[in-house]
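J.: Please read through the structure below; I'll follow up with questions.
Derivation of every value follows stated rules applied to the coordinates shown; laboratory data play no part. Since the model is a prediction, treat every value here as computed from it, not as a measurement.
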Amino acid sequence: MARFLIRTYGCQMNERDSELLGCLLRDRGHLPTESEEQADVILVNTCSVRDQAERKAVGKVGLFKRLKRQKPSLVIGIIGCMAQAHGQALLDELPHVDLVVGPDQLHDIPDLVEAALQGAAAVVATAVREVIPGDLSAHAPDQVFASVAVMRGCNQFCSYCIVPQTRGRERSRPLADIVAEVEQLATRGTREVLLLGQNITAYGVAEARHEGGAGAAHPRFADLLRAVHAVPGIVRLRFTSPHIRFMDADFVDCVCSLPKVCKAFHIPVQSGSDRILQLMHRGYTAADYLRVVEAIRGRLDRVAFSTDVIVGFPTETAEDFAATRELMRRVGFDMAYIFKYSPRRGTQAADRFPDDVSAEVKLQRNQLLLEDLEGSVAARNQARVGQCIEVLVEGPSRRNAARWQGRSDTSKVVIFDPVGTLAPGALVRVTVERATAHSLFGSIVP
Ligand code: SF4
């Protein structure tokens with residue numbers, strides 16, 4: 001029995017991988033710990049999206065050298081995207097590391113950890129698997145909210161993004177396997193499922209091509225949503241991240257007509273300037289983006305949009321930035337992750353375009369968008385005061401345990417006083433009495 005610690009950086013896919021890796025290690029009798037000093041095994045699940053994230057992870061692993069000196073039997077592993085991207089080079093740079101394991105080898109990590117605990121030599125395991133790791137739900141603890149990976153990899157090659165190199169090409173799990181996993185989760189109490197994929201709306205597209213042309217009958221993302229929607233016990237369905245290029249009429253019809261699909265859509269836009277979108281290789285224009293948003297909004301009474309934006313992409317002018325601001329104003333996002341561009345080694349943008357927007361201008365643009373966003377979110381939340389909304393209960397509020405919190409289907413955090421016997425996973429109706437930029441506050445409707 002060993003005590004293990006997993007540190008996780010990056011996206012929801014990494015969070016999910018770490019969670020399941022923890023379950024696999026527990027299944028073998030190993031115990032989790034939060035103490036670096038007490039751990040016998042430390043695994044760092046890394047992100048490669050930004051150079052800064054990589055430097056942070058290397059710095060963190062570098063600090064573990066001291067622990068290894070004190071306890072030579074300590075097993076240290078780097079897993080995830082960085083392991084995939086750099087492989088042996090990580091072992092060369094950090095010789096106190098025992099394991100370098102890519103995301104497709106998740107199932108093998110317990111064996112590799114146990115071998116390392118027995119004194120095996122350092123290992124690099126980064127083969128990309130055609131068949132992606134499947135159902136791990138049997139190992140997961142019972143939970144109201146669960147994530148399910150439905151596809152991995154990306155074929156889009158946006159010029160600033162390293163994901164196609166680290167996570168490989170698109171591979172989708174069979175629809176029947178995903179449905180079986182969700183059914184299993186539902187029988188154990190899961191109420192809300194978050195479907196995960198780097199380019200999730202391309203679910204099944206690569207497989208359809210292999211099977212004989214773009215029109216081949218492999219299930220697509222809308223088919224998957226319909227199938228998961230039909231699983232009894234699941235009351236809410238979310239997904240991330242979609243790409244506007246794959247959000248066709250069938251997709252729009254599906255997300256608008258299926259009641260369990262949450263009406264909060266995170267759709268990365270990145271820029272409102274067509275010229276910059278072209279340099280980014282995003283494959284759509286600002287008008288295409290707005291068309292999809294308007295098609296969804298036209299069908300729904302209430303809906304929330306969120307997005308990702310990069311400011312200061314190479315050559316971004318004041319005019320390009322103004323187009324981004326205007327697009328954000330027109331959509332009226334409820335949330336946005338706004339990033340200042342930084343070149344990512346190994347991407348086309350880093351190789352081909354000088355990083356020519358100054359740090360000062362990037363900061364200014366970032367702040368302007370954040371200010372715009374804050375105003376728009378506050379106004380949108382304020383408009384919900386007086387409304388009665390359905391909330392999926394999470395449990396006691398993190399800030400004040402006397403109150404409880406949950407989420408609306410538009411992804412708003414809702415705080416309320418618990419009434420009667422309330423359990424996580426219950427659906428309640430709450431009248432909104434006041435709103436801040438971050439949360440809604442209200443009372444349960446008896
Ligand atoms: S679609 Fe997303 S994951 Fe794929 S290359 Fe573009 S930014 Fe990266």
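J.: At a Cα cut-off below 13 Å, give the aspartates and glutamates reachable from residue 65, other chains included and same-chain residues fewer than 8 away excluded.
T.: 36, 37, 93, 98
J.: Quick one: which residues, 5 or more positions from residue 149 or on another chain, have an amide H under 5 Å from its amide H? H modelled 1.01 Å from N in the peptide plane, none for Pro or chain starts.
T.: Amide H neighbours of residue 149, under 5 Å, 5+ apart: 196.
J.: Another one. Measure up 340/412; 56/362; 263/362; 60/412 against 30 Å on the Cα-Cα distance and list the ones that go over.
T.: Violating the 30 Å Cα-Cα cut-off are 263/362; 60/412.
J.: Same structure again: Given q = 0.10, 0.14 Å⁻¹, what are the Debye log10 I(q)/I(0) values for the chain, with equal point scatterers placed on the Cα positions and solvent ignored?
T.: Debye curve over Cα of the chain, log10 I(q)/I(0) at q = 0.10, 0.14 Å⁻¹: -0.81, -1.49.
J.: Given a cut-off of under 8 Å on Cα pairs at least six residues apart, what relative contact order in percent is computed for the chain?
T.: Working: 873 pairs, mean separation 42.8, N = 446.
This gives 10 percent for the chain.
J.: Grab the DSSP H runs of the chain that are 4 residues or longer, score each as -39,500 (n - 2.57), total them, divide by all residues and round the 222 nm result to the nearest 500 deg cm²/dmol.
T.: Helix-only estimate at 222 nm: -11000 deg cm²/dmol.
J.: Which percentage, to the nearest 5, of the DSSP beta bridges contained in the chain is antiparallel?
T.: 30 percent
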